[in-house]
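Taking it in order: structure first as structure tokens, then the write-up.
Rule-based calculations on the coordinates, nothing more; no lab input. Everything quoted here is computed from the prediction, not taken from an experiment. All Cβ positions, glycine included, derive from the backbone under ideal geometry; neighbour counts span all protein chains shown.
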Amino acid sequence: MEKLQQVYEGKAKKVYATSDPELFIVDYKDDATAFNGEKKGTINQKGIINNRVTNHLMKLLEKNGVPTHLVEEISDRETIVKKVTIVPLEVIVRNIAAGSLSKRLGLPEGTKMKQTVLEYCYKDDELGDPMINDYHIFALDLATQEELDLIAKYSFKVNEVLSAYLKDLNIELIDFKLEFGKTTDGTIILADEISPDTCRFWDTVTGEKLDKDRFRRDLGGEEDAYKEIMKRLLGE
Ligand code: TMP
């Protein structure tokens, strides 16, 4: 598999074309941003940890019936993935109130809610990823009803599988963000990453934050938190 020209550079990853038109290579960076790129920094080894954690969790999800873009991890920071067109939605699943939901609804962080919350944001940096509902999604033709039904079904399945898996590792899955893509033949699959950048992980015993909120909120210890997640999930 030959790595060809870069086709995209995001805030945390670069994507390259390959000699196979249906495959890309993702390359994870140590760069960290928050607040739509306003705050910038690096978290040492983050690219390696996010690559390995994402692939570990995507394998678990595949086994449990959620199709993903994962093909093969080829180095510490690089993974071969299926080529997709990203559906321009950030799909957020929330088990416990935190972050922007806490602010928006005045619920203190850590508040248990009566049921899981599913939110959609329009993936557009210039607009600051505004929250939208299914009417907006159909009006803007971002996805069809059938595609959105599948995205919601997969998102709840991801929540069920990951919450149970992480609980055994003393990690509470507070909330997370997913992105989905469409393959050339139109199949919807899970894409992007699942990592401490895109999830809130709280230690079930101490309540300690083991995710990117340490960077976003200047709490310090982000490197150790990412390493701790890798250790609990991959044993190293
Ligand atoms: P929020 O509470 O800030 O809306 O974040 C909800 C979840 O989404 C949280 O687990 C962090 C994740 N997230 C991203 O992955 N990317 C983003 O740009 C933002 C704002 C949140």
> lysines near residue 231 by alpha-carbon distance under 19 Å, same-chain residues fewer than 8 away left out - which ones?
Replying inline: 46, 59, 167, 209, 212
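Based on Cβ point charges of +1 for Lys and Arg and -1 for Asp and Glu, what charge dipole magnitude is obtained for the chain about its Cα centre, in debye rounded to the nearest 20?
Working: 34 positive and 44 negative charges, 122 e Å.
Rounded to the nearest 20 debye, it is 580 debye.
For a Förster distance of 35 Å, can you work out the FRET efficiency between the beta-carbons of residue 133 and residue 48, rounded to the nearest 0.05?
Values: r = 37 Å, r/R0 = 1.06.
With a Förster radius of 35 Å, E is 0.40.
Using the per-residue mean of other Cβ atoms lying within 10 Å as a proxy for protection, in what order, highest first, do the peptides 195-207, 42-54 fall?
Values: 195-207: 19.2, 42-54: 20.9.
Those peptides, ordered most packed to least, come out 42-54, 195-207.
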> Packing-wise, with mean Cβ within 10 Å as the measure, how do 134-144, 208-218 rank, highest first?
Replying inline: 208-218, 134-144
> What list of whole percents do you get for P(r) of the stretch 1-109, with Cα-Cα distances grouped in 10 Å bins up to the one holding the largest distance?
Replying inline: 13, 34, 37, 14, 3, 0
> Once both labels are modelled 7 Å past Cα along the beta-carbon direction, what's the residue 59-residue 170 spacing in nm?
Replying inline: 2.4
> Can you list the residues of the stretch 24-56 with backbone N under 13 Å from a point 7 Å past the Cα of residue 76, pointing along Cα to Cβ?
Replying inline: 28-30, 44-52
> To the nearest µm²/s, what D does Stokes-Einstein give for the stretch 94-155 at 4 °C and 1.567 mPa s, using the Kirkwood radius over alpha carbon pairs as Rh?
Replying inline: 99
>> Give me the one-decimal nm value for the distance between modelled label points at residue 38 and residue 117, 7 Å along each residue's Cα-to-Cβ direction.
In response: 2.1
>> Using Stokes-Einstein with the Kirkwood hydrodynamic radius over Cα pairs, what translational diffusion coefficient do you get for the chain at 10 °C and a viscosity of 1.306 mPa s, in µm²/s rounded to a whole number?
In response: 87
>> Quick check for me: using +1 on Lys/Arg Cβ and -1 on Asp/Glu Cβ, what's the dipole size of the stretch 161-209 about its Cα centre, in debye to the nearest 20?
In response: 100
